[in-house]
1. Just the residues that are of a type in the set (A, V, I, L, M) and under 20 Å from Arg180 (Cα atoms), please, taken from the stretch 203-230.
2. Which ones in the stretch 308-364 are of a type in the set (Ser, Thr, Tyr) and under 21 Å from Leu38 (Cβ atoms)?
3. Testing Arg180 on (1) surrounded by 15 or more Cβ atoms within 10 Å (Cβ to Cβ); (2) not in a helix (DSSP H, G or I), one condition comes back false. Which one is that?
4. Determine, yes or no, whether Phe110 is closer than 30 Å to Val341 by Cα, aromatic (Phe, Trp, Tyr) and not assigned by TED's automatic domain parsing to the domain that holds Leu230.
5. Just name the residue that is farthest from Val3 (Cα to Cα) out of those in the stretch 328-349 that are surrounded by 22 or more Cβ atoms within 10 Å (Cβ to Cβ) and within 19 Å of the chain's Cα centre (by Cα).
6. For the condition in the same structural domain as Gly133 (by TED's automatic domain parsing), small (Gly, Ala, Ser) and in contact (Cβ under 8 Å) with a residue 60 or more places away in the chain, what is the one hit in Ser251, Ser285?
7. Just to be sure before I move on: is Ala325 under 18 Å from the mean Cα position of the chain (by Cα) and not acidic (Asp, Glu) in the structure I sent?
8. Quick check on the stretch 205-229: of everything there that is assigned to a loop (DSSP other than H, G, I, E, B) and either more than 15 Å from Trp172 (Cα to Cα) or among the basic types (Lys, Arg) (or both), which residue is nearest to the chain's Cα centre (by Cα)?
Amino acid sequence: MAVHRIAVIGGDGIGPEVIDQAVRVAEAAASKFDRAELQWNKLPWSTAYYKKHGRMLPEDGWDQLATHDAILFGAVGDPSVPDKITVHELLLPMRRKFDQYVNLRPAYLFAGVPCPVYRWNDEAKRMEERAPGSIDMLVYRENTEGEYAPVGGNLYPGTENQIAVQTGVFTWKGCERILRAAFDAARKRPRKKLTSITKSNAQVYGMGLWDDVFNSVRKDYPDVQSSSLLVDAAAMDFVRKPDTFDVVVASNLFGDILTDLSAAVTGSIGLASSANINPTKKFPSMFEPVHGSAPDIAGRGEANPLAAILSAALMLNHLNLEKSAAAVQNAVAKVLAEGRVKTRDLGGKNTTTEMGDAVVEAVG
């Protein structure tokens, strides 16, 4: 029996609530479909840990994480502590220290989930609901450099002469490896289509380099239909015609913003999963829901755990437990299509645990 060590960081807010359900579902699927053992190591690193110890994780925290095959992460962030501590001492350093340069965020319109954006039927001359599966995109977001690189500083803070400098960092290597990851994914999909997001008409240096690398890499993928789109036009088309996108590749900032939009277009950010992947597997990859800690609903049992559960499915797939991953994906699709169990964000009244129970039952 294959054994996989998984570090579990519930974190803050609704993080522990949704991760508990993801663990239950992943455990049920892995034991049944791949006969794999998942060894869960729950770590208490959070804002509460910071308040007690003055740091987000222990001195040997990164060494502890490095011994695992994967990390299942809930959320981090609390109004009582600045994000420059909670986010910038745990989440963002993790992506860089473990070179998790691929941030993969799927966006899929499930049956049973209303799409808030209708489509225009030109023949019938009317607006119509979008069909399940008509939105099916994979967004590849560069995850270790770009606009989120911690390069910059402040001069004369607290005075009228204060100057803030925030520097975007783009390297040929960083751009090339995320673009190749996206092209490789596009090559395996039926439509074989890729859209690169840019803003080189304004950001002529960083995005100019991005475009140069894109134009170089695309020559190696003649079987993939590829094009470049300015980020403002992409934001408009994510709403106006999201069905036209297949694989999308973007910088750290652009990918972050666009995937929140794609989550809204496909019904709820409570369905938005993500994977922070080190493709070499030299370091553990990390899997987390997109929604964040949502402190306003923490502890009320209202959070939708499906984003965390779908993130666990991405983790299972990364661990080569493909049958288990497919079982989780299919179980989520079944629960949503039946519509008997719905959390608040989906128009229902069921609790976090009740949604978890429904998916575990559907896994069988």
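The values are calculated or read from the model by the stated rules, or taken from the named source; none is laboratory data. In this text, all values refer to a predicted model and were calculated from it rather than measured experimentally. Because the Cβ atoms are built from the backbone with ideal geometry, glycine has one as well, and the counts that use them run over all protein chains shown.
1. Of the residues in the stretch 203-230, the ones of a type in the set (A, V, I, L, M) are 204, 207, 209, 213, 217, 224, 229-230.
Those that are of a type in the set (A, V, I, L, M) and under 20 Å from Arg180 (Cα atoms): Met207, Leu209, Val213, Val217, Val224, Leu229, Leu230.
2. Of all residues in the stretch 308-364, those of a type in the set (Ser, Thr, Tyr) come to 311, 324, 343, 351-353.
Result: Ser311, Ser324, Thr352, Thr353.
3. (2)
4. Details: closer than 30 Å to Val341 by Cα: yes; aromatic (Phe, Trp, Tyr): yes; not assigned by TED's automatic domain parsing to the domain that holds Leu230: yes.
For Phe110, the condition - closer than 30 Å to Val341 by Cα, aromatic (Phe, Trp, Tyr) and not assigned by TED's automatic domain parsing to the domain that holds Leu230 - is met.
5. Filtering the stretch 328-349 for residues that are surrounded by 22 or more Cβ atoms within 10 Å (Cβ to Cβ) and within 19 Å of the chain's Cα centre (by Cα), the one farthest from Val3 (Cα to Cα) comes out as Val332.
6. Working: Ser285 fails: in the same structural domain as Gly133 (by TED's automatic domain parsing).
So the residue among Ser251, Ser285 that is in the same structural domain as Gly133 (by TED's automatic domain parsing), small (Gly, Ala, Ser) and in contact (Cβ under 8 Å) with a residue 60 or more places away in the chain is Ser251.
7. Values: under 18 Å from the mean Cα position of the chain (by Cα): yes; not acidic (Asp, Glu): yes.
In short, yes.
8. Within the stretch 205-229, the first condition is being assigned to a loop (DSSP other than H, G, I, E, B), and the residues that meet it are 205, 221-224.
With the extra rule that they be either more than 15 Å from Trp172 (Cα to Cα) or among the basic types (Lys, Arg) (or both), the set shrinks to 221-224.
Working: Tyr221: 25, Pro222: 28, Asp223: 27, Val224: 24 Å.
Going through the qualifying residues, I end up with Val224.
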